[in-house]
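J.: Take a look at this one; I'll ask things after.
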Amino acid sequence: MLIDSHCHLDRIDLGPYQNDFSCFLKDAENHRIEHMLCISIDMDAYPAMLDLVKDHPQLSATVGVHPNAHDGFEPTLEQLLELGSHPKVIGIGETGLDNFRSSGDLTRQHDRFRTHIRAAKALNKPLIVHTREAREDTLRILREEGAETCGGIIHCFTENWEFAEQALDLNFYISFSGIVTFNSAQDIKEVAKKVPADRFLIETDSPYLAPVPFRGKPNYPTYVRYVAEQIAELRNTSFEEIAQISTRNFYTLFKMNQVI
């Protein structure tokens, strides 16, 4: 069985499933997807996202605001604590820093990141971190806020081994997306070889970043197996071993003994 540790189920195209979410869920089950973590990126869409997942034991959710979100409701620490206490919410984020799509005064982005870290610590729930062209600031703020006490995930990992080592030291897991299947992703492939077996996860970030052989097309949680197959090849082991390890790591990180 497989787990997609980061996807946006409220944004995928259900056209191939007759626009029927239950049909999509059945297909995921047929592809041995045991659990999917639906990630929040803005508060305006959050209520509908939570409503989508709340009645399905194979789905869980996070709450948070993406660093690139510029409009919409900005939650306070107190509001994040309240929303993050919902039993279906198992993590805080996606949050972090992005210097690729954002420029100018980034104070608001940094403050938002700190607020999310504080919420994750107070709730003792893992933090889901997005970082792009902001490695030094990301690590600095994680250290300054004591994020190692809650830990979490560096999702859709696109950095090098030096960054990975520091993130691991801060009690974070490394999650690999379809990017690891790209020929150009040599640094990411090296990290996939080196990361300790008990500290990696797999994800799709669907509907974005489809793996080879679907690169450039809409992504789906069922494609997470291509990420697992690539990591198995890189680590010279079997697909079944990677599926088992990544699934166990997910349940360990989120303190889940079984599907909720």
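J.: From the set of residues in the range 1-19 that are of a type in the set (A, V, I, L, M, F, W, C) and at pLDDT 95 or above, which is farthest from E203 (Cα to Cα)?
T.: Applying the filter and picking the extreme gives L14.
J.: Can you find, within the range 230-244, the residue that is least open to solvent (accessible area, probe 1.4 Å) among those that are of a type outside the set (A, V, I, L, M, F, W, C) and touching a residue at least 12 places away in the same chain (Cβ under 8 Å)? Step through it out loud before you land on a result.
T.: Filtering the range 230-244 for residues of a type outside the set (A, V, I, L, M, F, W, C) gives 230, 233, 235-238, 240-241, 244.
Then drop every residue that is not touching a residue at least 12 places away in the same chain (Cβ under 8 Å), which leaves 230, 235.
Numbers: Q230: 31, R235: 63 Å².
In this case the residue turns out to be Q230.
J.: Assigned to a helix (DSSP H, G or I), touching a helix residue (DSSP H, G or I) at 6+ places or on another chain (Cβ under 7 Å), over 16 Å from P67 (Cα atoms) and open to solvent by 20 Å² or more (accessible area, probe 1.4 Å) - does that describe any residue in the range 98-116?
T.: No, the range 98-116 contains no residue that is assigned to a helix (DSSP H, G or I), touching a helix residue (DSSP H, G or I) at 6+ places or on another chain (Cβ under 7 Å), over 16 Å from P67 (Cα atoms) and open to solvent by 20 Å² or more (accessible area, probe 1.4 Å).
J.: For L168, are the conditions met, namely being in a helix (DSSP H, G or I), touching an Asp or Glu at 6+ places or on another chain (Cβ under 8 Å) and touching a residue at least 12 places away in the same chain (Cβ under 8 Å)? Break it down stepwise before answering.
T.: Values: in a helix (DSSP H, G or I): yes; touching an Asp or Glu at 6+ places or on another chain (Cβ under 8 Å): no; touching a residue at least 12 places away in the same chain (Cβ under 8 Å): yes.
No: the conditions fail for L168.
J.: Anything in the range 70-86 that is free of Cβ contacts under 8 Å to residues at least 40 places away in the same chain and of a type in the set (A, V, I, L, M)? List them, or say none.
T.: Answer for the range 70-86, where residues must be free of Cβ contacts under 8 Å to residues at least 40 places away in the same chain and of a type in the set (A, V, I, L, M): L80, L83.
J.: Name the residue that is surrounded by the fewest Cβ atoms within 10 Å (Cβ to Cβ), counting only residues in the range 186-224 that are under 24 Å from P126 (Cβ atoms) and of a type in the set (G, A, S).
T.: Residue satisfying both the conditions and the ranking: A197.
J.: Within the range 168-180, can you find the residues that are open to solvent by less than 10 Å² (accessible area, probe 1.4 Å) and touching a helix residue (DSSP H, G or I) at 6+ places or on another chain (Cβ under 7 Å)?
T.: Here is the first cut: in the range 168-180, the ones open to solvent by less than 10 Å² (accessible area, probe 1.4 Å) are 172, 174-178, 180.
I174, F176, S177, G178, V180 - these are the residues of the range 168-180 that are open to solvent by less than 10 Å² (accessible area, probe 1.4 Å) and touching a helix residue (DSSP H, G or I) at 6+ places or on another chain (Cβ under 7 Å).
Yes/no matrix, rows are residues, columns are (1) over 20 Å from V129 (Cβ atoms); (2) touching a strand residue (DSSP E or B) at 6+ places or on another chain (Cβ under 6 Å); (3) open to solvent by less than 10 Å² (accessible area, probe 1.4 Å); (4) part of a helix (DSSP H, G or I):
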site: D13; (1), (2), (3), (4): yes, no, no, no
site: S22; (1), (2), (3), (4): yes, no, no, yes
site: L37; (1), (2), (3), (4): no, yes, yes, no
site: L50; (1), (2), (3), (4): yes, yes, no, yes
site: S60; (1), (2), (3), (4): no, yes, yes, no
site: N68; (1), (2), (3), (4): no, yes, no, no
site: E74; (1), (2), (3), (4): no, no, no, no
site: E82; (1), (2), (3), (4): yes, no, no, yes
site: H86; (1), (2), (3), (4): yes, no, no, no
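J.: With respect to T131, is the statement that it is of a type in the set (S, T, Y), assigned to a strand (DSSP E or B) and buried (at least 17 other Cβ atoms within 10 Å of the Cβ) true?
T.: yes
J.: From the list T252, T247, exactly one residue is within 17 Å of the chain's Cα centre (by Cα) and open to solvent by 50 Å² or more (accessible area, probe 1.4 Å). Which is it?
T.: Values: T247 fails: open to solvent by 50 Å² or more (accessible area, probe 1.4 Å).
Just a single option satisfies the conditions, and that option is T252.
J.: If you don't mind, another one. Is it the case that I92 is buried (at least 17 other Cβ atoms within 10 Å of the Cβ) and part of a strand (DSSP E or B)?
T.: Yes, satisfied.
The values are calculated or read from the model by the stated rules, or taken from the named source; none is laboratory data. Treat the numbers as computed from the prediction; the structure is a model and nothing was measured. Neighbour counts are summed over all protein chains in view; Cβ atoms, including those assigned to glycine, are modelled from backbone coordinates with ideal geometry. Each accessible area value is taken on the protein alone, full model and side chains, heavy atoms only, with ligands, DNA and RNA left out. Shrake-Rupley method; radii C 1.70, N 1.55, O 1.52, S 1.80 Å.
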